[in-house]
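In what follows, a structure is listed as structure tokens, so that the remarks can point back to it.
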Amino acid sequence: MDALNLISRSQGFYVRAIDDGPIEEWPEFFTDDAFYKVTTADNHSRGLPAGVIWANNKAMLKDRVSALKDANIYEPHAYRHMLGQPAILEEDRTGATSETSFLVLRVTGNGPTDVFASGRYLDEYVFIDGKALLKKRIVVCDSSRIDTLLVLPL
Amino acid sequence: MSEGNRPATAMAERTWPRSLTEVPYWVFQDEEVYKAEQENIFHGPFWSYLCLEAELAEPGDFCATFIGEQPVLVTRDHDGEIYAFENRCAHRGALIAMEHYGHAKDFTCVYHAWTYNLQGDLTGVAFEEGINGKGGMGKDFCKAAHSPRRLRLANVHGLIFGSLNNDVPQIEEYLGQEILDRIERLLGDRKPVVLGRFTQTLPNNWKLYMENVKDSYHASILHLFFTTFGLNKLNQKGGIIVSENGGHHVSWSAINREAEAASHYKDQKIRSDSGYQLEDPSLVDSFSEVGDDITLQILSVYPGFVLQQIQNSIAVRQVLPTEVGSTNLNWTYLGFEDDSEEQQLIRMKQSNLVGPAGYVSMEDGAIGGFVQRGIAGASNEFATVQMGGDQALSSESRVTEASIRGFWKVYRAAMGFSIEEEA
């Protein structure tokens, strides 16, 4: 399969794990040494290193999942990710770099569907056993504002 | 005058409970109160945090921020000094600068190209002389009389505070020695570096967030992360400092290894004690921030500023009301110029503790909204803040709401409410 196919397949299941569950599958889209960060376009363009979420290995992503399931307190809510077509920037047989735009809608409690975030994924994928795994994903949200809180990953 | 004075007068017609333990819910709901706050609090004799000195490193650097709803512009001029003035063109009121942080040699209002220097002096008016001797400003027009109002400024260990009010006391007197000492402890002789800036929009009145910040009682009950990893057990060594006027506070704790083994939490059957464990416990690896045992220091300055140390997560928070039931919480995460690579990594990992997705702070983003929604229909009811008595004094125990009472003590006086007669 070509890079576009591998990445598209992977991303389809990635958003499904977050939006429809089980959320425990979300870390499995990453390599053990993966880097994952959620930041904003303003921070990204200024080169500021911190993230709203910042992880430099898969164990930290698993901790995110167990925290949101077992530790943190928040009103039940759900996302719906709408992804654009990935732009493949570089590719070879072992992996690819790509960018994908996203729109995330959120429903909190019995509230309406709100636009929660828009932005882009800046990704580095590695291809292992016919699957695309994320070695690096920087989630760059377009707006500098985050409404109320961010519990579920983007 | 004046439109602006009307809310203040109306506030005297409202009665506030005599005891500091009662907080009427209308104070979080009322449009008139919100308007009066802009005048009495944010334009009143108080100091508001604007930005960090480190964010204005070079001449020409500026920051467009707010005091309450009032837009202000903070700059560094070529004389090396910091200036601040209202971010509103003297001509027809448009914003002079729109970018949050930027660099400029001067400011030109986009509407009619009126120009201001970095100190906020009006230096140019487009077509001031008219064209071919026709039109233009009258001969008696004086640019110097039309500059935006300047703010009073104070620099406290690199934190820039401003005030729109000429009667504000000197910052040292305003903060008091104990608060100054605790700011110095964290920032004195250090050069902060901005690691990131995030804005969290809170679905609640700004004062509900300030109550939450000052509430050391909730921290280890609502926030599981704190308790599980010994970041903030109430039985640790620590305390609450409430400033003399009541408005500012510090909640702090230090490592107390003996208390770790104690079982006070199990006895209380509080949800916090769950045996929850991290797959990557390096998240809570930390180093002594300034060479002492203190691992937590939450410091607030009235009305809306927070300086935070949670382990090695250092941040400032600026609380900006945008509507009665809506608040912008601006986080600036900090490191320091002399951080080692390892220390930088620890700060990055611990950035997960705070902010909009913070393991120990995300609940605070939602809890104010739960209160705002919970009190709908209860304008005539009161919150009760009796933990630790009815005074607003420092204490060794953090099972107290003393600093919340302190906040209301300053607030009710500043707003000019009538205090309920003694029964």
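Starting from the Cα gyration tensor of chain B, take the square roots of the eigenvalues, sort them a ≥ b ≥ c, and report rounded, prolate or oblate (rounded when a/c is under 1.5, otherwise prolate if a/b is larger than b/c, else oblate). Present the calculation step by step, with values, prior to reporting the outcome.
On the way: a/c = 2.29, a/b = 1.44, b/c = 1.59.
Cα axes put chain B in the oblate bin.
Can you tell me which of B:390, B:140, B:79 moves the most in a GNM of chain B? Springs connect C-alpha atoms under 10 Å apart.
It is B:140.
Please go through region A:1-101 and write out the trypsin sites (Lys or Arg not before Pro) that DSSP classes as loop and that have at most 11 other C-beta atoms within 10 Å. Each step should come with its number before you reach the end.
Numbers: sites: A:9, A:16, A:37, A:46, A:58, A:62, A:64, A:69, A:80, A:93; in loops: A:93.
Listed in order of number, the matching sites are A:93.
Could you pull out the trypsin sites (Lys or Arg not before Pro) across region B:27-136 that fall in loop regions by DSSP (anything but H, G, I, E, B) with no more than 14 other Cβ atoms inside 10 Å?
Details: sites: B:35, B:76, B:88, B:92, B:105, B:134; in loops: B:88, B:92, B:105.
Taking region B:27-136 and a limit of 14 other Cβ atoms within 10 Å, the loop trypsin sites (Lys or Arg not before Pro) found are B:92, B:105.
Output the relative contact order of chain B, whole-number percent, from Cα pairs under 8 angstrom with separation of 6+ residues.
Over chain B, the number comes to 23 percent.
Can you pull the mean other chain C-beta count within 10 Å for peptide A:72-85?
On the way: counts 11, 9, 5, 4, 0, 1, 0, 0, 0, 0, 0, 0, 0, 0.
If you average over the peptide's residues, the count of other-chain Cβ atoms is 2.
Could you go through region A:24-34 in sequence order and give the Karplus-derived ³J(HN,Hα) for each residue, using 6.51 cos²θ - 1.76 cosθ + 1.60 with θ = phi - 60°, rounded to whole Hz, and x for Gly and Pro?
4, 6, 4, x, 6, 8, 10, 6, 4, 9, 5
Arranged from highest to lowest average of other beta-carbon atoms within 10 Å per residue, in what order do the peptides B:194-207, A:104-117 appear? The partial results should precede the final answer.
Values: B:194-207: 23.6, A:104-117: 14.6.
Final packing ranking: B:194-207, A:104-117.
Using a 10 angstrom cutoff on alpha carbons, build the Gaussian network for chain A and name the most mobile of A:98, A:144, A:118.
A:144
Could you run the Karplus curve 6.51 cos²θ - 1.76 cosθ + 1.60 with θ = phi - 60° over region B:20-35 and give me ³J(HN,Hα) per residue in whole Hz, x for Gly and Pro?
6, 8, 10, 10, x, 5, 4, 5, 9, 10, 8, 4, 5, 5, 4, 5
Report relative contact order for region A:3-141 in percent, whole number only (criteria: Cα-Cα under 8 Å, sequence separation at least 6). Please report the intermediate quantities before stating the final value.
Details: 261 pairs, mean separation 38.0, N = 139.
The normalised contact order for region A:3-141 reaches 27 percent.
Cysteines of chain B lacking any other cysteine beta carbon under 4.7 Å?
Among the cysteines of chain B, those whose Cβ sits 4.7 Å or more from every other are B:142.
With a ≥ b ≥ c taken as the square roots of the eigenvalues of the C-alpha gyration tensor of the protein assembly as shown, please select rounded if a/c is under 1.5 and otherwise prolate if a/b is larger than b/c or oblate if it is not?
Values: a/c = 1.73, a/b = 1.17, b/c = 1.48.
In terms of gyration-tensor shape, oblate.
Under 5 Å between amide H atoms, partner at least 5 residues away or on a different chain: which partners does residue A:35 have, H built in plane at 1.01 Å?
Residues meeting the criterion, in which the H sits 1.01 Å from N, are A:136, A:137.
Please compute, for peptide A:134-146, the average count of beta-carbon atoms on other protein chains lying within 10 Å of each residue's beta-carbon. Don't jump to the answer; show the numbers that get you there.
On the way: counts 0, 0, 0, 0, 0, 0, 0, 1, 0, 2, 6, 8, 10.
Per residue, the average neighbour count from other chains is 2.
Around residue B:51, what is the net charge, scoring Lys/Arg as +1 and Asp/Glu as -1 over all other residues with Cβ under 12 Å from its Cβ?
Details: positive: B:76, B:197; negative: B:53, B:55, B:61.
Local charge sum for residue B:51: -1.
Taking the alpha carbon gyration tensor of region A:3-141, what are the square roots of 5 times its eigenvalues, largest first, to the nearest whole Å? The partial results should precede the final answer.
Details: eigenvalues 113, 57, 53 Å².
Computed over region A:3-141, the values are 24, 17, 16 Å.
What does the charge add up to near residue B:384, with Lys and Arg as +1, Asp and Glu as -1, over the other residues with Cβ less than 12 Å from its Cβ? Working shown, then result.
Values: positive: B:405; negative: B:22, B:381, B:390, B:401.
Summing Lys and Arg as +1 and Asp and Glu as -1 gives -3.
Give me the net charge for the shell around residue A:111: Cβ to Cβ below 13 angstrom, other residues only, Lys and Arg +1, Asp and Glu -1.
Net local charge, residue A:111 excluded: -1.
Taken together, the values in this text are just the output of simple stated rules run on the coordinates, not laboratory data. Source: prediction; values computed, not measured. Don't worry about glycine lacking a Cβ; one is built from the backbone with ideal geometry, like all the others, and counts go over all protein chains shown.
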